[in-house]
Amino acid sequence: MQIAQNSVAAFHYTLTDDEGQVIDSSAGREPLTYLHGQGHIVPGLEKQMEGRVVGDKFDAHVTPEEGYGVHHPEMMQQVPREAFQGVEDIQPGMQFQGSGPEGQINVTVSKIEDGVVFIDANHPLAGKTLHFAIEVTDVREASEEELQHGHVHGAGGHHH
Ligand code: ZN
């Protein structure tokens, strides 16, 4: 059967950036299982999963707009080092939780210079074109209960 609205699909993926560096991969883990058509995976990938069948292997290239969003420069800020009380060693790449106008936000430290910490509240993959190598490993109909809950049950999903 083909992946369509309300299918439960499972796939292996390797995600690389423009330089071919691996950002994330399901290799050596269980495949990723999701309920199709509910926005559980980035929109550009979800679109390209449509109509696929078990055994399909393909490359999906996803623009930032259909991935984790464009990079907003105004979401980068400079914070005095003293704001990070109780953190002994701040390094680029470290992530912190802060509160923003729309609730909890995750910020990533991009650099530290002269006692000033440069933080970035964009998604770490914002502004990046995503290159997925996909292998579809399973497709089935979602159960009534899964549709009601809006997520997958059983292998690769919620257990409750
Ligand atoms: Zn549930």
Q. Any idea which of D59, D18 is open to solvent by 90 Å² or more (accessible area, probe 1.4 Å), outside any strand (DSSP E or B) and more than 19 Å from G157 (Cα to Cα)?
A. D18
Q) Can you tell me which residue in the stretch 21-51 is surrounded by the fewest Cβ atoms within 10 Å (Cβ to Cβ), limited to those that are without any contact (Cβ under 8 Å) to a residue 12 or more places away in the chain and touching a strand residue (DSSP E or B) at 6+ places or on another chain (Cβ under 9 Å)? A) R29
Q: Would you please list the contacts, defined by Cβ atoms under 7 Å and residues six or more apart or on different chains, that run from a residue in the stretch 123-135 that is among the acidic types (D, E) to a residue that is modelled with pLDDT of 95 or more and surrounded by 16 or more Cβ atoms within 10 Å (Cβ to Cβ)?
A: E135/F11; E135/H12
Q. Which of the residues that make up the stretch 107-135 are of a type outside the set (V, I, T) and in a loop (DSSP other than H, G, I, E, B)?
A. D114, G115, A121, N122, H123, P124, L125, A126, G127, K128
Q: Report, by residue number, each residue of the stretch 11-45 that is touching a Gly at 6+ places or on another chain (Cβ under 6 Å) and closer than 16 Å to V136 by Cβ.
A: E30, T33
Q) Is the stretch 116-135 home to any residue that is over 30 Å from G20 (Cα atoms) and away from the ligand (no atom under 16 Å from the Cβ)? A) yes
Q. Quick one: which of Q85, Q5, Q104 is more than 18 Å from V152 (Cα to Cα) and either in contact (Cβ under 8 Å) with a residue 60 or more places away in the chain or not in a strand (DSSP E or B) (or both)?
A. Q85
**Q.** Those residues of the stretch 4-29 which are in contact with a Lys or Arg (Cβ under 9 Å, 6 or more places away or on another chain) and more than 22 Å from E145 (Cβ to Cβ), in sequence order
**A.** F11, H12, D17, D18, I23
Q) In the stretch 136-156, which residue that is without any contact (Cβ under 8 Å) to a residue 12 or more places away in the chain and assigned to a loop (DSSP other than H, G, I, E, B) is nearest to the chain's Cα centre (by Cα)? A) G154
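The values are calculated or read from the model by the stated rules, or taken from the named source; none is laboratory data. What you are looking at is a predicted structure, and each value in this text was computed from that prediction instead of being measured. Here the Cβ is made from the backbone with ideal geometry for all residues, glycine too, and neighbour counts use every protein chain on show. All accessible areas refer to the heavy atoms of the entire protein, side chains included, with ligands and DNA or RNA removed. Shrake-Rupley method; radii C 1.70, N 1.55, O 1.52, S 1.80 Å.
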